[in-house]
Amino acid sequence: MSTPNPGPRLLDPVESDAALPASVDVAVIGAGIVGVGAAYALAKAGHSVALLDKGVVAGEQSSRNWGWCRTLNRDEREIPLMQHSQSLWDSLPAEIGADMGFRRNGLVYVTKDPQQLADWKAWLDMAQPYQMGARIIDAAEAKRLTPGNEQDWIGGIVSPRDGRAEPAKAAPALARGARALGATLHQNCAVRGLDTTGGRVSGVFTEKGRIGAQAVVLAGGAWASMFLRRHGADMPQSSVHSTIFATTPAKQVSSGPLYTPDFILTPLLDGGYLVAARARGRLELTPAGIRYARQFLPSLRKNWKMVELRFGKSFFEGPDAWHGKWSFDRPTVFERMRVLDPKPKASIVEPTLREIVATYPELAGIRAARLWAGWIDSTPDAVPVISPVEALLGLVVAAGFSGHGFGIGPGAGRLAADLATGAPPVVDPAPFRLSRFSDGSRMHAPAGI
């Protein structure tokens, strides 16, 4: 049923700038959707900015996700920032003159599980003050909104204002937009560490030389915690391995993203789908995981059925390994691992395609065209950190997006830019503060999507 050897994911290339600037107002580490969002916001506000990545724009999780831009079923702390982010998804394409693939074509969740439906109802009760337009649907409407399916849903939840964008296009397009406003982009240019003066950030050391900076935004994804530890700061972070694939063009059975108990479908502009299986993610035993085990334990207990615990190569190499102190004047792990590109779990493809065809017989013959995997960087409460780092004045970290950072990325980048420059923050940053993991704040175990 599937293509024997699906190819890798697609990714739009972006041109780099040849020379490093001697100094900038703000250096941004990491050119995923959050980093390019920060660089764009900074450049738009008139700040000089250098955007740096050890690999390429959107090389890691920003091009390896589902493409969802949702307010639905988010933690309440994220809703205001996500609403701002959606307004940016609306306006950015016209501003930068490029299609990021964003479409507000709704989001539909369906289920056969009464408890899951009750959980969605409870979420909707909480979210009513935010006036998002989401609503619970009964069995008849669930059937109507998933035409052609052969399943007996008991109901679901729908959010007409939510949508999706194209992971392969969005961050690259926004990076070009930042360059058009004067930001410089430096790919294959690893930042080895921070330069500090009197306890304050004064620049970054890269593999190609030093750049002076009045402030730094660390949007390093899965690498953020390791980078911070090198500088004596701590952020609990762990990563989950997840596989996704894209299909060949097929009949469009849904205009927008669809969540079912067995699989997730996201329509693509090329006529195919992004597909994720409702299977276990792989959590590998690592030194970082051991270090932060106590903080992640409530989440692990609650979501144990969704996680497959393994021992793998990531114990010795990668963002969750223990790299300790490294020198800034010699090659580092960032140069050795330009792009975090884990091996996908190919065994999910055939069973997932069978589930899709069992639900939608009209999709018989659908095949996998591209297959890849990524590392989802997570925090203990599944809410990101977008926060100044008290131990390093002038440093703002924006990481730990826990599998739902793509949609909120433009807004998160804007908030990080505000915090780095002292501008009035676009939303209250307190819920995203780094200190919540050490100041005695109550941690809530995250729910599923």
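The values are calculated or read from the model by the stated rules, or taken from the named source; none is laboratory data. Note that the structure is a prediction, hence the values are computed from the model and not measured. Cβ: placed from backbone, ideal geometry, glycine included. Neighbour counts: every protein chain shown. Only protein heavy atoms, including side chains, enter the accessible area calculation; ligands, DNA and RNA are left aside. Shrake-Rupley method; radii C 1.70, N 1.55, O 1.52, S 1.80 Å.
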Show which aspartates and glutamates lie in cross-link reach of LYS251 when reach means a straight Cα distance below 12 angstrom and same-chain residues fewer than eight apart are skipped. ASP270, GLU362
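I need the calculated FRET efficiency for the pair ALA18 and GLU335, taking r as the beta carbon distance and R₀ as 25 Å, to the nearest 0.05. Don't skip to the end; give the middle numbers.
Numbers: r = 19 Å, r/R0 = 0.77.
Once rounded, the FRET efficiency stands at 0.85.
What length, rounded to one decimal in nm, is gained on full extension from ALA346 through to GLU362, with 0.36 nm per residue of separation minus their alpha-carbon distance? All intermediate terms of the calculation are to be shown ahead of the outcome.
Details: separation 16, 0.36 × 16 = 5.76 nm, distance 2.39 nm.
The span from ALA346 to GLU362 would gain 3.4 nm if fully extended.
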Anyone know which of LEU185, LEU117, LEU274 comes out most mobile in the 10 Å Cα GNM of the chain? LEU117
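For the range 174-275, what percent of Cα pairs sit more than 23 Å apart?
On the way: 2829 of 5151 pairs.
Percent of Cα pairs beyond 23 Å in the range 174-275: 55.
Quick one: which of LYS169/LYS345; LYS44/LYS208; LYS54/LYS169; LYS54/LYS345; LYS112/LYS345 span more than 21 angstrom between C-alpha atoms?
Numbers: LYS169/LYS345 24 Å; LYS44/LYS208 26 Å; LYS54/LYS169 19 Å; LYS54/LYS345 25 Å; LYS112/LYS345 27 Å.
Correct reply: LYS169/LYS345; LYS44/LYS208; LYS54/LYS345; LYS112/LYS345.
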So, counting K/R as plus one and D/E as minus one, what does the shell of residues with Cβ under 14 Å around THR247 add up to? +1
Please determine, in degrees from 0 to 90 and to the nearest 10, the orientation of helix 114-127 with respect to the longest principal axis defined by the Cα atoms of the chain, where the helix direction is its Cα long axis. 50 degrees
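For ASP234 and ALA45, FRET efficiency with R0 = 25 Å and r from the beta-carbon atoms, rounded to 0.05? Walk me through the numbers before you get to the answer.
Working: r = 30 Å, r/R0 = 1.22.
Taking R0 as 25 Å, the efficiency between ALA45 and ASP234 is 0.25.
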Please state the charge dipole magnitude for the chain, taken about the Cα centre, from unit charges on C-beta atoms (+1 on K and R, -1 on D and E), reported in debye and rounded to the nearest 20. 680 debye
Return, ordered by residue number, the residues of the range 141-170 whose backbone nitrogen is under 14 Å from a label point located 7 Å along Cα→Cβ of SER255. 145-147, 159-164
Can you give me the convex hull volume of the Cα atoms of the chain, divided per residue and expressed in Å³? 131 Å³
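What full-extension length gain, to one decimal in nm, is calculated for ASP262 and ASP119 as 0.36 nm per residue of separation minus the Cα-Cα distance? Walk me through the numbers on the way to the answer.
On the way: separation 143, 0.36 × 143 = 51.48 nm, distance 1.78 nm.
This chain segment gains 49.7 nm when fully extended.
With a 10 Å radius around each residue's Cβ, average the other Cβ atoms per peptide and rank 14-20, 29-35, highest first.
Ranking, from highest mean packing down: 29-35, 14-20.
Summarise the accessible area of the chain (1.4 Å probe, protein heavy atoms) by the percent that is carbon and sulfur.
On the way: 9460 of 17730 Å².
Carbon-and-sulfur percentage of accessible area, whole number: 53.
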Note: ASP152 to ALA423 extended length (0.36 nm per residue) minus current alpha-carbon separation gives 92.4 nm
Ignoring ligands, DNA and RNA, what accessible area per residue does the chain give at 1.4 Å, in Å²? 39 Å²
Working from the pairwise distances between different alpha carbons, so that the mean of 1/r is found and then inverted, what is the range 28-180's Kirkwood radius in Å? 17.1 Å
Mind giving me the FRET efficiency for LYS208 and GLU76? R0 is 51 Å, r the Cβ-Cβ distance, nearest 0.05 is fine. 0.75
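Can you show me the helix-derived [θ] at 222 nm for the chain, built from DSSP H runs with n ≥ 4 at -39,500 (n - 2.57) apiece and divided by the number of residues, rounded to the nearest 500. Spell out each step's value before the answer.
On the way: 11 runs with 116 residues, N = 449.
The helix-only estimate for the chain comes to -7500 deg cm²/dmol at 222 nm.
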Between the Cα axis of helix 405-421 and the main Cα principal axis of the chain, the angle (0 to 90°, nearest 10) is 20 degrees
On C-alpha positions alone, give me the angle between the axis of helix 33-44 and the longest principal axis of the chain, in degrees, nearest 10. 60 degrees
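Quick one: ranking ASP119, ASP152, ASP320 by accessible area, 1.4 Å probe, largest first, what do you get? The partial results should precede the final answer.
Values: ASP119 85, ASP152 120, ASP320 15 Å².
From most accessible down to least: ASP152, ASP119, ASP320.
How would you rank 220-227, 136-143, 329-336, 153-160, highest first, on the average number of other Cβ atoms within 10 Å across their residues?
Values: 220-227: 25.4, 136-143: 16.5, 329-336: 14.5, 153-160: 20.8.
The most tightly packed comes first, giving 220-227, 153-160, 136-143, 329-336.
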Around ASN5, with a cut-off of 13 angstrom between Cβ atoms, what is the net charge of the other residues, counting Lys and Arg +1 and Asp and Glu -1? +2
Backbone N under 13 Å from the ASP90 label point (7 Å along Cα→Cβ), restricted to the range 408-440: none
